[in-house]
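Engineer: Please read through the structure below; I'll follow up with questions.
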Amino acid sequence: MDAHVLRITRWEVQRLVRLRWLPAMVGLFAVGCLVNAFLGLRSLRALGLTGIGASLDGLVAIGVLLPPLLALVLGAGALSGARERDLLSLLAAQPIRRSTIVLGTFLAVSAVVSATVGLGFGAALVVLSGVAGATDLWGLTVVVLATLGTSVAAAAVGVLLGAVTSNRLQAVAAAVLAWFALALGLDLLFAGLAPGLHLGPRSLLVAVLVNPVETGRVLTLLATRSDPATLGPFGAYLDTRFGLPIATAMLGSALAAWIVLPVTGACLALRHRDV
Amino acid sequence: MSTPEPALRMHGLSKRYRHVPVLDELCFDAPAGALALVTGTNGAGKSTLLRCLAGLTSFTGSAWFRGERLPGSIATRRHIGYLPQDVGFPEAATVGEVLELFCGLRRAAPDSTGLADGFVPDADAQVGTLSGGQRQRLATAIALLGRPELLLLDEPTANLDSWARGSLWETLRAHRREGATILVASPREDEVVGSADLTLNLSADPVRGPHALAELATVRGGA
């Protein structure tokens, strides 16, 4: 990899980890993971069951909500903040490509969010390690990977928002709106439209693929459940129509596209815009 | 006697922001080893001109540096140093971290600026603890890293005390003797006029448009 990309990445990581509000967000996520793990285990024990299924469900829910929000806000604030302080023009005046700045920023945000996911899930794993069996390991791995994929996709979208907006306030507002849309809005919209417009399973599949948060959630469910009845309508359709390997590959590809396309868009936007 | 080929050449350089002309058909030549003062009233387009030449802002018309059309390649940008009017480094970063980043990007040593000892703040100092003048010194040092052949400085002395101002002019004169072409944007002609070889006055011109006049005045007969 280009040494300049790594220089920008290191610089951005140094800046991000010093943000005053970041430890609070990381702490909140870690506490959320711990609480989920405890409550999940307690509810299973109350029913006389074993395993970590309930805890895993909670981790999926929190994993596809908080880290993507963090990634969107950090990604959106990075380039737009540098533009606002005229630091972006000083960087862009150096003998480097503008895409170097975008890639370095994206990698830095991804690294910080990945570390957050690692800390949160690591804390939960400490609680779950006493009861988790070998068969639970696959489920945990999938949850971690899908959360990382979703978060990195959100970082890419955030960086794109930072590249196309004029100032930090606009960028962060757009990031929060995007999070609402991806985490809640699109689901509600399609749920409302589906009966009225007679949207079939294929349209609902599209609804999953155009939303990285939903893609990550369904991917996790698909890979961790053996019973089609628990997959939900999207997961069940994917499983029965394409089979698990193809459905997993489709969702994985969708997440990869959600990473590559926004970063490419951010590179193009910064290349063609005045800074 | 033949006239030397100008190191920096602008021809018909224009810039509009949402149909409002900021720079209009600007023509200007500066030889190697010249220090040019870019002056004009507030909003005349001084900063915009420097941003155009630094490759940060698109423009129509043309500009060349040492025969290469601007905005140039990455190799050309290695020879261009740019100082924005007011740059905000992250408050928690140290001077050393800032310099390390830009030294790496320019592949230049920290002591390659030619600035006097004590001009750049202490490497361990946090940006947040620096005064406006000290931050300006840090940004100036970044612009001078590797002794670029074209220096674009936007109000470089705005926040500097008298020692730093004198020290900077001394350094710029040394760069000029080494053949660097230097453009200094400043609304105050009096400060620069003793050191400038050329003046580019972006004053309002009621006949040709708001900022049409590129008045080239040889103050000291060139380099």
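Engineer: On a C-alpha basis, how far is the centre of the stretch A:5-46 from the centre of the stretch B:114-190 in Å? Whole number, if you could?
Structural biologist: First find each Cα centre; the distance between them is then 42 Å.
Engineer: Name the residues whose placed amide hydrogens come within less than 5 Å of the amide hydrogen of B:Ala125, ignoring near sequence neighbours (fewer than 5 apart) on the same chain.
Structural biologist: Amide H neighbours of B:Ala125: B:Val95, B:Gly96.
Engineer: Treating only the Cβ atoms of Lys and Arg (+1) and Asp and Glu (-1) as charged, compute the dipole magnitude of chain B about its Cα centre; round to the nearest 20 debye.
Structural biologist: On the way: 22 positive and 25 negative charges, 137 e Å.
Taking the Cα centre of chain B as origin, the dipole is about 660 debye.
Engineer: Grab the other residues whose beta carbon is less than 15 angstrom from that of A:Thr147, score K and R as +1, D and E as -1, and report the net.
Structural biologist: Values: positive: A:Arg217; negative: A:Asp57, A:Glu214.
Summing Lys and Arg as +1 and Asp and Glu as -1 gives -1.
Engineer: Please name which of A:Thr141, A:Val73, A:Ser89 has its Cα lying farthest along the dipole of the stretch A:22-151 towards the positive end, using unit charges on Cβ (Lys, Arg +1; Asp, Glu -1) and the Cα centre as origin.
Structural biologist: Of the options given, the answer is A:Ser89.
Engineer: Another question, then. Expressed as a rounded percentage, what relative contact order does chain B have, with Cα pairs under 8 Å and six or more residues apart? Can you show the working numbers first?
Structural biologist: Values: 459 pairs, mean separation 65.9, N = 223.
Answer for chain B is 30 percent.
Engineer: Between the stretch A:132-168 and the stretch A:93-123, what is the C-alpha centre distance in whole Å?
Structural biologist: Value for the Cα centre distance between the two parts: 12 Å.
Engineer: Here's something else I'd like to know. Compute, for the stretch A:3-272, the length of the dipole vector about the Cα centre, with Cβ point charges of +1 (Lys, Arg) and -1 (Asp, Glu) only. Units Debye, rounded to 20. Please list the in-between numbers first.
Structural biologist: Values: 17 positive and 9 negative charges, 153 e Å.
Computed about the Cα centre, the dipole is about 740 debye.
Engineer: Another question about this same structure. Considering all projection directions equally, how large on average is the shadow of the alpha-carbon convex hull of chain A, in square nanometres? Could the numbers behind the result be given before it?
Structural biologist: Working: hull surface 63.1 nm².
Averaged projected hull area, Cα only: 15.8 nm².
Engineer: Can you list, largest first and rounded to whole Å, the semi-axes you get for the stretch A:22-105 by taking the square root of 5 times each eigenvalue of its Cα gyration tensor? It would help to have the intermediate numbers written out before the result.
Structural biologist: Details: eigenvalues 370, 27, 11 Å².
With the √(5λ) rule applied to the stretch A:22-105, the semi-axes are 43, 12, 8 Å.
Engineer: More than 33 angstrom separation, counting every C-alpha pair in the protein assembly as shown; what % is that?
Structural biologist: 49
Engineer: So what's the angle, to the nearest 10 degrees on a 0 to 90 scale, between helix A:53-63 and the longest Cα principal axis of chain A?
Structural biologist: So the helix axis and the longest Cα principal axis differ by about 20 degrees.
Engineer: Report Rg(Cα)/(2.2 N^0.38 Å) for the stretch A:124-275, keeping two decimals. Let's see the in-between values first.
Structural biologist: Details: Rg = 17.6 Å, N = 152, 2.2 N^0.38 = 14.8 Å.
It is 1.19.
Engineer: When the Karplus curve 6.51 cos²θ - 1.76 cosθ + 1.60 is applied with θ = phi - 60°, which whole-Hz ³J(HN,Hα) does each residue of the stretch B:125-136 get, with x for Gly and Pro?
Structural biologist: Per residue, the Karplus-derived 3J(HN,Hα) values read 5, 7, 4, x, 8, 7, 7, x, x, 5, 5, 5 Hz.
Engineer: Treating the stretch B:38-160 as a set of equal point scatterers at the Cα positions, no solvent, please give the Debye-formula log₁₀ I(q)/I(0) at q = 0.09, 0.18 Å⁻¹.
Structural biologist: Rounded to two decimals, the profile gives -0.26, -1.00.
Engineer: Mind pulling up the Rg/Rh value for the stretch A:76-213? Radius of gyration and Kirkwood radius, both on Cα.
Structural biologist: Numbers: Rg = 19.1 Å, Rh = 17.6 Å.
So for the stretch A:76-213, dividing Rg by the Kirkwood Rh gives 1.08.
Engineer: Here's a follow-up. Taking the Cα atoms only, what angle lies between the long axis of helix A:232-242 and the longest principal axis of chain A, rounded to 10 degrees?
Structural biologist: 90
Engineer: Over the Cα atoms of chain B, each weighted equally, I'd like the Debye log10 I(q)/I(0) at q = 0.11 Å⁻¹, rounded to two decimals.
Structural biologist: Treating every Cα as an identical point scatterer, log10 I(q)/I(0) equals -0.52.
Engineer: Something else now. In percent, how large is the relative contact order of chain A, given Cα pairs closer than 8 Å and 6 or more residues apart?
Structural biologist: Details: 378 pairs, mean separation 70.9, N = 275.
Across chain A, relative contact order equals 26 percent.
Engineer: Less than 15 Å Cβ to Cβ from A:Ala37, Lys/Arg counted +1 and Asp/Glu -1: what total charge do the surrounding residues give? All intermediate terms of the calculation are to be shown ahead of the outcome.
Structural biologist: Details: positive: A:Arg42, A:Arg45; negative: A:Asp57, A:Asp136.
Overall, the nearby charge balance is 0.
Engineer: Tell me which residues come under 5 Å, amide H to amide H, from B:Gly43 once H is placed; ignore anything under 5 positions away on its chain.
Structural biologist: When sequence neighbours closer than 5 places are left aside, there are no close amide H contacts.
Engineer: Which value in deg cm²/dmol, rounded to the nearest 500, describes the helix-derived mean residue ellipticity at 222 nm for chain B, given -39,500 (n - 2.57) per DSSP H run of n ≥ 4 and division by the residue count? Don't jump to the answer; show the numbers that get you there.
Structural biologist: Details: 6 runs with 57 residues, N = 223.
Helix contribution divided over all residues of chain B: -7500 deg cm²/dmol.
Engineer: What are the trypsin sites (Lys or Arg not before Pro) within the stretch B:97-148 that DSSP puts in a loop, where the Cβ has at most 14 other Cβ atoms within 10 Å?
Structural biologist: Values: sites: B:Arg106, B:Arg107, B:Arg135, B:Arg137; in loops: B:Arg107.
Listed in order of number, the matching sites are B:Arg107.
Engineer: Tell me which residues come under 5 Å, amide H to amide H, from B:Leu200 once H is placed; ignore anything under 5 positions away on its chain.
Structural biologist: B:Leu37, B:Val38, B:Thr39
Taken together, the values in this text are just the output of simple stated rules run on the coordinates, not laboratory data. Everything quoted here is computed from the prediction, not taken from an experiment. Ideal geometry is used to build each Cβ from the backbone, glycine not excepted, and the neighbour counts take in all protein chains shown.
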